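See below for the structure under consideration.
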Amino acid sequence: MTNKILSRLVIILGFLLLAISLLFYTQETLRTLNWKSTGNMESDISLGPDYEMVFSRIDTLDFASSPYPARGDTLIQLADSLATLTFLLEELHTHHPGYEIPLAYRHGDDTLRTVVVAREVTSFDFISMAVLHLLRVLTGLLFIGVGLWANVRRPESGAVRALAMFCFSMAALMAAAINMGIHSVETFEIPYVEFIQRILRWPVLFVGAFWLNLQLLFPQPRKFVKNHPLSAYLLCYLLPFLVLIVSFLHYLLIFAIVTPAMIVLQLLAGFILLGTYNRSTRDNLQRRQTRLVLWGTGSGLSGMVIFILLATLARGWLSRQSETLVMGIIILVFLGLLLSPLSFAYAFGRYRLLEVEGKIKRGTRYAVVTVFLLAAFFALVFFISEALLSRVNVGSRALLPTATLLMAIGFTPAQRRIQNLLERKIYPERSRLKQMLKDFLSSALVISEKHAFWIGLEGQFREALKVELVYPVLRVKAQESLQHWSGEDTPFERESPFSQALFGLQNRPLMVDEILAGDKIAIAPPERKWLTDKKIALVLPLVSRGKLIGFLALGHKTDRNDFESADIELLGSLSFQVAMASENIVLLEENLEKQRMEDELNMARTVQEGLLPRVIPQTPGLEVAGKSESCLEIAGDYYDVINLDDRRTVLAIGDVSGKGAGAALLMSNLQASIRTAVRIGSDLKTIVGQINDLIFHNTQAHQFITFFVGIFDKRSMTFSYVNAGHNPPLVIGRDGRITRLVCGGLILGAMAEIAYQLDTVKLPGGDLIFLYTDGLSEAINPREEMFAEAGVERFLLAHRELSPVRLLEELEAEINRFVEGKRLEDDLTLLAVRVLDG
């Protein structure tokens, strides 16, 4: 109950602070826009050692005429008033360009007078001010957003409430305690603005206290807090409360000195606590959380601390620096502060910690290099421009853009070179390992054997990263599950939420303990169990050509140390190469498989061509025509015409299940068996029974044959046959009577020891025997209508007087008209036989 009340109070404070901040930011935005049209001066004035106004830089274009002040001269009077920086800014910011301000200044022992003419605000100054204001707004709103988000996500956590209050105090600092220097520019007035600003400055006193409190609770409460909670909270908040009381008593000098020192000390104490916990904890996830906060918040708060120390202890020196330099320092401080709420958001979310840490480190190095080069850049530009000005005796800086442009040409190459040099110096071993893995992946592009590639890759990763396990999990074509490259099954599915999340990560590695501890990625119980049982520490998505092809599962390091941000960067940079190499292996295997299948089909085609009669042999008493068409490259159909002697002819037709070389070889065995058996002289039903037993015992269960065989005897004008489950051949008499030859038994290969039946029919001269496979009767047109046996019978009755050759030609044309150009879905084999008159 208490936690719920405190959580709601924090949310109310957050939204109240958000509303006030938006009001102040709107006012400052309008001021910034209005400032563009007010007066300004390019000469710089700063506070001297005795707090007098001193010219630190002179631009003669600011003055109506000579005399011109020199660097180091003291401003003593503005118009008829005592010279103060506040009054000068008010005079400039409340008037338009061209407004004249008389002034008096002391040059040595002389007092001189001149007139300042207000100039337009330059684009550089306006953009700098706008960038500074934007960073201030983004930083403040981001702090408020993270505080509210964390409190909503985990309202019961004391660490989250401490984080929210720290974020709110930083947001108050952004909104009310930072002076942009343009407060005299006219805009709308906020009622009770001084009271609101005073209230907002109170949380600023507690920035360090909230930070210290947070570090006592993050990522889990310290023993001291558990054992002595009251002492812990007094340690954090007693001193700020005393300072707040001092401020009410108007001891302003003490307040101005003690407040910055107190905030700095509490911030440092918090960093010490955080660093100590980071070194002492054995939990890798907590170590990554604290390290991310050290890097992210440390970059911003350390910059803020340094600036506070400069403003407090070296105020005179800072005020004597150029406005551009001070503006640059402030912008860098704000850029660093942006990292603080972001790092806390990721740290409390326990997601992609190493990736964010790596980006912060890389960004910090980039900022350091950039600042160093900019300092050198501006120093060179200044000295070059000064040298040019002194030589040509020009009283303006018209040559400065030219010198700047010449120097800028070499800035980016120098920045990149120094950045790469730092990378090699800071991580020499990492650079070597990266090159080693890249060399292997480059050479792997020519490896055509899957086993050699993955074994080699696993060995390289184990050696480079010192990990216990490298387990590639890959997508299998035409299957929903992902498997190890060796074929071992895994619980991961192609379309599972986990797989989809990995695809969204692209090439970004992810720590398994972050997946299991957080709720960013949905993971099924079997997937969670697999990752835990395998002791997987990290998963690296493999994405190629816009699709997830799998992932690499890496075990823990052999020395039990945690992965580092440099490891994440290394793996991320290699992810695409590993995916491409894996895809290359798959393509090579597919090509090899395709070549193997083509070789098999060529062999099957050769076998099949040998099975079908190239020339119909002499058939006493019969006129025979045959035709076979395949819906694919290799047909599963078979027919044969065998001349036994001068009076007997064997007619056979069959349909073998399956396609390719296996079906062709089975057809070859069938043909050989028939040709051998019929010449021995056995009766047909015995022959068919023996062939059935042979096929049943020597083929797989799914392989079978529909088969019809008959023997025509010219002498007796009879036709003896056995039908083993084939489409019944048709006998069409001269009178149009149709006889179906159905006697026989089951298909070949279905069961052993089947007794087949033999039948004999009388065939007078002129009768037509028509044998066909089911590719004819099952031909389908675009309207899903089947040609059917009735269609076959109608056609034969209508064309029974044609010769066998002509009959097959007309039937082929009829089928083409029926299917309307649609491809046949099954093989088509036809055998037309005319019985000749004796």
- Verdict on Gln197 being modelled with pLDDT under 85 and not in a loop (DSSP other than H, G, I, E, B): yes
- Message: For the structure I just gave you, tell me whether Glu189 is of a type in the set (Asp, Glu), farther than 30 Å from Lys226 by Cα and out of contact with any helix residue (DSSP H, G or I) (no Cβ under 9 Å at 6 or more places or on another chain).
- Response: no
- Query: Within segment 477-489, restricting attention to residues that are open to solvent by less than 40 Å² (accessible area, probe 1.4 Å) and in contact with a Lys or Arg (Cβ under 9 Å, 6 or more places away or on another chain), which residue is modelled with the lowest pLDDT?
  - Reply: Ser481
- Item | Test: residue in segment 686-699 that is in contact (Cβ under 8 Å) with a residue 60 or more places away in the chain, open to solvent by 10 Å² or more (accessible area, probe 1.4 Å) and not small (Gly, Ala, Ser) | yes
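Just to be sure I understand, how many residues within segment 97-111 are under 23 Å from Asp62 (Cβ atoms) and out of contact with any Asp or Glu (no Cβ under 8 Å at 6 or more places or on another chain)? Please lay out each step first, then the result.
Narrowing segment 97-111 to residues under 23 Å from Asp62 (Cβ atoms): 97-108, 110-111.
When the remaining residues are screened for being out of contact with any Asp or Glu (no Cβ under 8 Å at 6 or more places or on another chain), the result is 98, 100, 102-104, 108, 110-111.
Final tally of qualifying residues: 8.
Determine whether segment 182-198 contains at least one residue that is in contact with a Pro (Cβ under 8 Å, 6 or more places away or on another chain) and open to solvent by 10 Å² or more (accessible area, probe 1.4 Å).
Within segment 182-198, the first condition is being in contact with a Pro (Cβ under 8 Å, 6 or more places away or on another chain), and the residues that meet it are none.
No, that holds for no residue.
Applying the selection to segment 742-768, what residues are open to solvent by less than 40 Å² (accessible area, probe 1.4 Å) and either over 20 Å from Ser682 (Cβ atoms) or acidic (Asp, Glu) (or both)?
So in segment 742-768, the residues open to solvent by less than 40 Å² (accessible area, probe 1.4 Å) come out as 743-745, 748-749, 752, 754, 756, 761, 763, 765-768.
Hits for segment 742-768 are Val761, Leu763, Gly765, Gly766, Asp767, Leu768.
Restricting the search to segment 324-345, which residues are touching a residue at least 40 places away in the same chain (Cβ under 8 Å), closer than 13 Å to Ile306 by Cβ and β-branched (Val, Ile, Thr)? Outline the logic, then answer.
Filtering segment 324-345 down to residues touching a residue at least 40 places away in the same chain (Cβ under 8 Å) leaves 324, 327-328, 330-331, 334-335, 337-345.
Checking which are closer than 13 Å to Ile306 by Cβ leaves us with 330, 337.
If the condition is that a residue be touching a residue at least 40 places away in the same chain (Cβ under 8 Å), closer than 13 Å to Ile306 by Cβ and β-branched (Val, Ile, Thr), then Ile330 is the only one that fits.
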- Go through (1) open to solvent by 70 Å² or more (accessible area, probe 1.4 Å); (2) under 15 Å from the mean Cα position of the chain (by Cα) and name the single condition Pro526 misses. (2)
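Anything in segment 209-249 that is part of a helix (DSSP H, G or I), polar (S, T, N, Q) and under 21 Å from Arg291 (Cα atoms)? List them, or say none. Lay out the reasoning, then the answer.
If we filter segment 209-249 for residues that are part of a helix (DSSP H, G or I), which is where we start, we get 209-217, 223-227, 229-248.
Within this subset, residues satisfying the condition of being polar (S, T, N, Q) are 213, 215, 227, 231, 247.
Result: Asn213, Gln215.
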- Pairs, first under 14 Å from Ala70 (Cβ atoms) and of a type outside the set (S, T, N, Q) in segment 108-119, second assigned to a loop (DSSP other than H, G, I, E, B) and open to solvent by less than 60 Å² (accessible area, probe 1.4 Å), C-beta under 7 Å, six or more apart: Leu112/Pro67
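So, Asp683, is that one over 57 Å from the mean Cα position of the chain (by Cα) and either crowded, with 19+ Cβ neighbours inside 10 Å or farther than 24 Å from Pro804 by Cβ (or both) or not?
When the stated conditions are applied, Asp683 passes them.
Right, Ala464: at pLDDT below 80 and closer than 18 Å to Phe563 by Cα or not? So that I can check it myself, show each step before the final result.
Values: at pLDDT below 80: yes; closer than 18 Å to Phe563 by Cα: yes.
Yes; evaluated as a whole, the condition is true for this residue.
Could you say which residue among Phe461, Phe503, Phe492 is aromatic (Phe, Trp, Tyr) and part of a strand (DSSP E or B)? Step through it out loud before you land on a result.
Details: Phe461 fails: part of a strand (DSSP E or B); Phe503 fails: part of a strand (DSSP E or B).
After applying the criteria, what remains is Phe492.
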- Item | Selection within segment 777-786 - aliphatic (A, V, I, L, M) and open to solvent by 80 Å² or more (accessible area, probe 1.4 Å) | Met786
- Query: Restricting to segment 508-559, what's the tally of residues that are more than 25 Å from Gln289 (Cα to Cα) and of a type in the set (S, T, N, Q)?
  - Reply: 1
- Cβ pairs under 6 Å, 6+ apart or interchain, first in segment 707-718 and in a loop (DSSP other than H, G, I, E, B), second open to solvent by less than 30 Å² (accessible area, probe 1.4 Å), ordered by first then second residue, are Lys714/Pro620; Lys714/Gly621; Met717/Leu763
- Among the residues of segment 682-716, the number that are modelled with pLDDT under 85 and either of a type in the set (Lys, Arg) or within 17 Å of Gln757 (Cα to Cα) (or both) is 1
- Query: Can you tell which of Ala788, Ala798, Ala750 is within 60 Å of the chain's Cα centre (by Cα) and without any contact (Cβ under 8 Å) to a residue 24 or more places away in the chain?
  - Reply: Ala788
- Task: Test each condition in (1) loosely packed, with under 14 Cβ neighbours inside 10 Å; (2) over 57 Å from the mean Cα position of the chain (by Cα); (3) of a type outside the set (Val, Ile, Thr) for Tyr99 and report the one that comes out false.
- Result: (1)
- Filtering segment 787-814 down to residues that are open to solvent by 10 Å² or more (accessible area, probe 1.4 Å) and touching a helix residue (DSSP H, G or I) at 6+ places or on another chain (Cβ under 7 Å) yields Phe787, Ala788, Glu789, Phe795, His799, Leu802, Glu814
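Pick from Arg136, Arg106, Arg153: which is modelled with pLDDT of 90 or more and either more than 15 Å from Ser43 (Cα to Cα) or open to solvent by less than 50 Å² (accessible area, probe 1.4 Å) (or both)? Step through it out loud before you land on a result.
Details: Arg136 fails: modelled with pLDDT of 90 or more; Arg153 fails: modelled with pLDDT of 90 or more.
Checking each option against the conditions leaves just Arg106.
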- Task: Considering only segment 768-813, state which residues are over 20 Å from Arg734 (Cα atoms) and among the small types (Gly, Ala, Ser).
- Result: Gly775, Ser777, Ala779, Ala788, Ala813
- Message: Every residue in segment 679-706 that is closer than 20 Å to Leu746 by Cα and either part of a strand (DSSP E or B) or among the aliphatic types (A, V, I, L, M) (or both), please.
- Response: Leu684, Ile687, Val688, Ile691, Leu694, Ile695, Ala701, Ile705, Thr706
- Looking only at segment 652-678, which residues are part of a helix (DSSP H, G or I) and either aliphatic (A, V, I, L, M) or surrounded by 20 or more Cβ atoms within 10 Å (Cβ to Cβ) (or both)? Ala661, Ala663, Ala664, Leu665, Leu666, Met667, Leu670, Gln671, Ala672, Ile674, Ala677, Val678
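Scan segment 168-179 and give yes if some residue there is open to solvent by less than 40 Å² (accessible area, probe 1.4 Å), at pLDDT below 85, assigned to a loop (DSSP other than H, G, I, E, B) and aliphatic (A, V, I, L, M), otherwise no. Before you say what the answer is, go through the steps one by one.
So in segment 168-179, the residues open to solvent by less than 40 Å² (accessible area, probe 1.4 Å) come out as 168-176.
Next, only the ones that are at pLDDT below 85 stay: 176.
Filter once more, keeping what is assigned to a loop (DSSP other than H, G, I, E, B): none.
No: zero hits.
Take Leu548 and tell me if it is open to solvent by less than 50 Å² (accessible area, probe 1.4 Å), in a strand (DSSP E or B) and not small (Gly, Ala, Ser).
Numbers: open to solvent by less than 50 Å² (accessible area, probe 1.4 Å): yes; in a strand (DSSP E or B): yes; not small (Gly, Ala, Ser): yes.
Here the answer is yes, as Leu548 does meet what is asked.
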- Message: Just the residues that are in contact with a Pro (Cβ under 6 Å, 6 or more places away or on another chain) and not in a helix (DSSP H, G or I), please, taken from segment 120-146.
- Response: Glu120
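The values are calculated or read from the model by the stated rules, or taken from the named source; none is laboratory data. Not measured: the values here are computed from a predicted model. Glycine gets a Cβ as well: all are built from the backbone with ideal geometry, and neighbour counts include every protein chain shown. When the accessible area is computed, the model is the full protein with side chains, heavy atoms only, and any ligands, DNA or RNA have been set aside. Shrake-Rupley method; radii C 1.70, N 1.55, O 1.52, S 1.80 Å.
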